Amino acid sequence: MMHLIDSHCHLNSPLFADCVDRIIADARHNNVMKMVLPGITATDWTSLQGLCELHRGLYWAPGLHPLFLGEESDKHLERLATIVNHSKTVAIGEIGLDFYPPGVDAFIQQRLFEKQLDIALVASLPVILHVRKAHDKVLSTLRRMHFSTGGIVHAFSGSLQQAGQYYDLGFCIGVGGTITYQRATKIRKIVSELPKEALVLETDSPDMPLAGHRGENNQPQYLTEVLTTLAELRNEPEEFTAAYTTRNCEQLLNLNDL
């Protein structure tokens with residue numbers, strides 16, 4: 001039986017408030033046995049921790065998202081440095097740089113990003129990256145800081161060359177519902193050409209709906225459809241794709257012992 005890991009889903013979303021138990025059960029019915037829950041703001045952390053303590057197979061990645069700068073403060077960063085010691089903390093996330101919206105404060109984003117990278121380094125934890133219009137800046141920051149614990153680049157939107165540079169730095173590329181759209185030719189080509197060791201699966205539930213589920217809330221159970229598309233693009237059996245994407249995620253986030 002295939003066992004899949006959703007490396008990025010937001011089960012604490014208000015959209016799932018009344019049905020999270022069913023969402024988790026549906027995921028497991030579809031062989032999604034482990035799920036990683038990244039943070040967005042400091043106010044997320046309590047609900048994320050509660051879900052992960054209540055349900056087996058759920059792990060969290062507390063962090064401060066670059067577009068929610070109202071949550072950035074030394075107090076929050078001090079708290080983050082403490083909660084990373086929780087037994088089900090597997091990464092710091094989702095963190096990074098997002099220069100896509102007009103008027104963002106790149107300086108504050110950079111400061112927040114580097115402080116969270118420092119926390120990850122001290123804790124020997126990988127990170128889950130959120131990056132838009134800033135891949136070269138993120139890559140240069142990782143190199144300058146000698147970041148050595150790797151992680152996952154969520155919802156990757158860069159070039160094949162940039163993906164290769166992340167892989168060389170110990171990162172995997174998160175493959176989600178975007179590849180199910182025929183028009184997404186760039187990312188479909190990239191995931192078909194990367195080495196299998198560079199790929200993990202994700203949904204970003206309830207966001208990033210798949211081609212067959214437009215207008216719906218995305219769910220971890222749909223990870224099987226991402227798997228099917230990825231296997232087709234790479235011309236390989238689904239069982240083979242499932243095995244290595246699960247193995248990559250387990251090794252990267254140290255899920256084997258949890």
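The values are calculated or read from the model by the stated rules, or taken from the named source; none is laboratory data. None of these values were measured; they are calculated from a predicted model. Reconstructed Cβ throughout: ideal geometry from the backbone, glycine too, with neighbour counts over all protein chains shown.
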Matching residues, region 90-114, being among the aromatic types (Phe, Trp, Tyr) and surrounded by fewer than 17 Cβ atoms within 10 Å (Cβ to Cβ): 99, 100, 107
task: Please verify whether region 223-238 includes one or more residues that are β-branched (Val, Ile, Thr) and more than 30 Å from residue 17 (Cα to Cα).
output: no
task: Starting from region 100-118, keep only residues that are more than 16 Å from residue 144 (Cα to Cα), then list their pairs with residues that are part of a helix (DSSP H, G or I) and aromatic (Phe, Trp, Tyr) whose Cβ atoms are within a distance under 7 Å, requiring at least 6 positions of separation or different chains.
output: none
- prompt: Hey, among 124, 73, 87, which residue is within 30 Å of residue 1 (Cα to Cα), surrounded by fewer than 23 Cβ atoms within 10 Å (Cβ to Cβ), polar (S, T, N, Q) and over 15 Å from the mean Cα position of the chain (by Cα)?
  reply: 87
- prompt: Quick one: what pairs do we get from region 124-137, first residue assigned to a loop (DSSP other than H, G, I, E, B), second among the aromatic types (Phe, Trp, Tyr) and modelled with pLDDT of 95 or more, C-beta under 8 Å, 6+ apart or different chains?
  reply: 133/99; 133/100; 134/99
task: Would you be able to tell me the number of residues in region 13-53 that are surrounded by fewer than 23 Cβ atoms within 10 Å (Cβ to Cβ) and in contact (Cβ under 8 Å) with a residue 12 or more places away in the chain?
output: 21
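Could you list all residues from region 170-180 that are surrounded by 16 or more Cβ atoms within 10 Å (Cβ to Cβ) and either outside any helix (DSSP H, G or I) or under 11 Å from the mean Cα position of the chain (by Cα) (or both)? Talk me through it step by step, then tell me what you get.
Narrowing region 170-180 to residues surrounded by 16 or more Cβ atoms within 10 Å (Cβ to Cβ): 171-180.
Across region 170-180, the qualifying residues are 171, 172, 173, 174, 175, 176.
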query: What residue, of 197, 193, is in contact (Cβ under 8 Å) with a residue 40 or more places away in the chain, over 28 Å from residue 111 (Cβ atoms) and among the acidic types (Asp, Glu)?
result: 197
- line: Over region 181-223, the set of residues within 18 Å of the chain's Cα centre (by Cα), assigned to a helix (DSSP H, G or I) and β-branched (Val, Ile, Thr) is 187, 190, 191
